[in-house]
Every structure is written in structure tokens, then in C-alpha cells.
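Student: Quick one: this structure, given as C-alpha cells, is what I'll be asking you about.
Please treat every number below as a calculation from the coordinates, not as lab data. Everything numeric here is computed off the predicted structure, so don't read it as measured data.
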Ligand SMILES: [Zn+2]
């Protein structure tokens, strides 16, 4: 089966992201630069995350490196600089890199996307990156990125 590759997924989700931000601006809803940067990271991450279950080691490796960068960025942003926390980073890498999964399984479902994006939105609110009244918007932006992956894969479950 032909599957869009990760560059295609990231590009598509970033175009969608820019359109969403522009659309929100017409309603006088603006995010700060650092908020946009965080959203950009998560949107890119979520657009390729479903293929974590792919057999190709390249995307697995890319995702593993990306997950580590994301985790380290979050740790630095919230001021978790003690060395112990970086053991967790190693676990994140090994988990993403080697966790055995069936391709196009659970990560390609709307249920997974909705659950993951809810958790991520709440984490971002909890750590003070967004206000509570922005959490729904953040969820929708993140979820649309995951959804864009499913649309490109023409895979709904
Ligand atoms: Zn996929």
C-alpha cells in the first residue's frame, strides 16, 4: 500500500496550522510567539506520531529523536534541570524506538488522537503555557493535526 511519508504529513499539518492561526486572527484571537512555537512543535509531532507503528526503522528513529527533543524542550521550559529527569528522556527514546506495534493500529484511530490531544492540552494548561479558556482551542489545533494524518492516510477507524 502506498503511504504518504513523514515529510508529506508534516508539510500538510503545518499548512493547516498556518491557516488555523490566520483564521483565529480574523476573530481577534492571537497567541504569543512562545505559544506559537510550542504549538508548532506539537503539531509537527502529532502529524507524524501515528506512524510510530510503522515497520520502517527510519521514521521510528526520527520519531524517537523528535520525542526526545520535545521532552527535553518541555523539561527546560518548566525548569526541570536536575539530572535524574534525563533518565526519563532515555526511557522515552527506547519506548518510541522499540515498542512493538501493529502498523496502522491504535495510533491511527480518532479515539487515540482525541485522548492524546486532550491529555496534551491539559498538560500545556497545567504548566501554564495556555489559559484555561484557550485549552479547547489548543485541543482543536492539536487534534486537527492528528486528524490530518488520518485524512492523508485515508484511514478512519
Ligand atoms: Zn499513517
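Student: Can you show me the helix-derived [θ] at 222 nm for the chain, built from DSSP H runs with n ≥ 4 at -39,500 (n - 2.57) apiece and divided by the number of residues, rounded to the nearest 500.
Tutor: Numbers: 6 runs with 108 residues, N = 157.
-23500 deg cm²/dmol, from helical runs alone.
Student: On to the next question. Return the Rg/Rh value of the range 88-153, two decimal places, where both radii are evaluated on C-alpha atoms and Rh is the Kirkwood radius.
Tutor: Rounded to two decimals, Rg over Rh is 1.04.
Student: Please express the Cα-Cα pair-distance distribution P(r) of the chain as a list of whole percents, one per 5 Å bin, running from 0 to the bin with the greatest distance.
Tutor: Histogram of Cα-Cα distances, whole percents per bin: 2, 9, 17, 21, 21, 15, 9, 4, 1, 0.
Student: Given a 10 angstrom Cα cut-off, can you work out which residue in 72, 52, 15 is the most mobile in a GNM of the chain?
Tutor: Highest fluctuation of the listed residues: 15.
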